[in-house]
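The values are calculated or read from the model by the stated rules, or taken from the named source; none is laboratory data. Quick caveat, the model's predicted, so the values are computed rather than measured. Note that we place each Cβ from the backbone using ideal geometry, even for glycine, and neighbour counts take in every protein chain shown. The protein model used for the area step is the full one, side chains on, heavy atoms only, and it has no ligands, DNA or RNA in it. Shrake-Rupley method; radii C 1.70, N 1.55, O 1.52, S 1.80 Å.
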Amino acid sequence: MARTIQSLERAAAMLRLLAGGERRLGLSDISSSLGLAKGTAHGILRTLQQEGFVEQDAVSGRYQLGAELLRLGNSYLDVHELRARALVWTDDLARSSGEAVYLGVLHQQGALIVHHVFRPDDSRQVLEVGAMHPLHSTALGKVLSAYDPVAHSEVVEADRDAFTPRTVTGLGDFEGLLDLTRARGWAADVEETWEGVASVAAPIHDRRRMPVGAVGVTGAVERLCREGELRPEIVAAVRDCARAVSRDLGAGRF
């Protein structure tokens with residue numbers, strides 16, 4: 001069994017304690033409720049306070065949950081709202097294209113898959129929700145890098161590994177791909193990440209017109225491409241799906 005970190009367990013218990021019952025608790029209340037020495041409890045509270053997870057009332061000295069937890073909670077809800085809004089449209093995209101559909105968001109230095117619709121056939125497939133795809137070589141990653149300044153910073157500063165002979169790793173050439181992505185509104189990956197696999201993706205925006213994710217189709221090159229180019233009807237279907245999800249998120253028309 002993997003060992004746990006006691007200080008993190010205590011911090012988590014402290015946050016749960018502050019989340020329930022009274023709105024504000026004093027140091028003595030917290031230490032006695034958790035069975036901790038006051039010095040230990042105070043050290044954890046001070047650290048949580050520095051990180052914005054806990055706030056201390058200047059008058060009473062009591063502690064309550066901080067604004068940083070609200071920010072993180074809103075981020076969690078945003079991702080789940082994105083997924084909820086995309087469910088119907090991604091199902092429709094999988095049916096119309098006959099291919100697997102992925103919904104991705106920026107997470108650390110990659111595109112995190114938050115929703116995956118299987119290719120609508122009887123083939124054996126593996127659910128990829130929770131998987132991380134590279135920013136520089138996948139269609140989802142390129143879309144995020146092109147439209148999200150944070151993703152762009154991440155991919156520029158990171159190592160861009162060559163997964164196949166087609167992977168673009170040079171910064172100048174990669175920036176050119178991002179310019180092309182922004183100009184046409186979608187990104188491609190034809191055997192840049194996996195041999196024999198192609199994908200196309202488009203950006204999703206929220207009510208503030210901010211990029212919040214990307215949706216894409218992935219499948220065998222021989223199915224997605226015709227004469228070396230991505231089939232235009234597949235590209236159009238992906239872009240229509242992205243626009244529909246964006247509208248449902250309040251973005252209006254693009």
Overall Cα dimensions of region 180-254 - principal axes, largest extent first, Å: 37, 21, 20
Within-12-Å neighbourhood charge of P165 [Cβ basis; K, R +1; D, E -1]: -2
Most fluctuating residue given options A41, A84, A198, as computed from a GNM of the chain linking Cα atoms under 10 Å: A41
Choice from V59, V212, V150 with maximal GNM fluctuation in the chain (Cα, 10 Å cutoff): V59
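Can you give me the Rg/Rh ratio for region 1-153, using Cα atoms for both radii and the Kirkwood formula for Rh? Kindly include the intermediate steps, with their values, before the conclusion.
Working: Rg = 21.5 Å, Rh = 18.9 Å.
Ratio of gyration radius to Kirkwood radius: 1.14.
Taking the inverse of the average 1/r across all pairs of different Cα atoms in region 108-244, what Kirkwood radius in Å do you get? Could you put the intermediate results ahead of the total?
Values: mean 1/r = 0.0662 Å⁻¹.
Across region 108-244, the inverse of the average 1/r is 15.1 Å.
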Area of M210 that stays accessible when all protein chains are in place (1.4 Å probe, Å², to 10): 100
Whole-number Å³ per residue for the convex hull built on Cα positions in region 56-146: 136
Dipole-positive endmost among L48, A214, V105 within the chain (Cβ charges, Cα centre): L48
Residues whose placed amide H lies under 5 Å from that of V212, excluding near-sequence neighbours: I204, H205, D206
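How much space per residue, in cubic angstrom, does the convex hull of the C-alpha atoms of region 183-225 take up?
Values: hull volume 3.2 nm³, N = 43.
Each residue corresponds to 75 Å³ of Cα convex hull volume.
Just add up the charged neighbours of Q49: K/R +1, D/E -1, any other residue whose Cβ is under 11 Å from the Cβ of Q49. Provide the component values of the computation, followed by the final result.
Values: positive: R46; negative: E51, E55, E68.
Charge balance near Q49 sits at -2.
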Fluctuation leader among R160, R62, R207 - the chain, Gaussian network, Cα springs under 10 angstrom: R62
Over region 128-196: Kirkwood hydrodynamic radius from C-alpha pairwise inverse distances, Å: 12.0
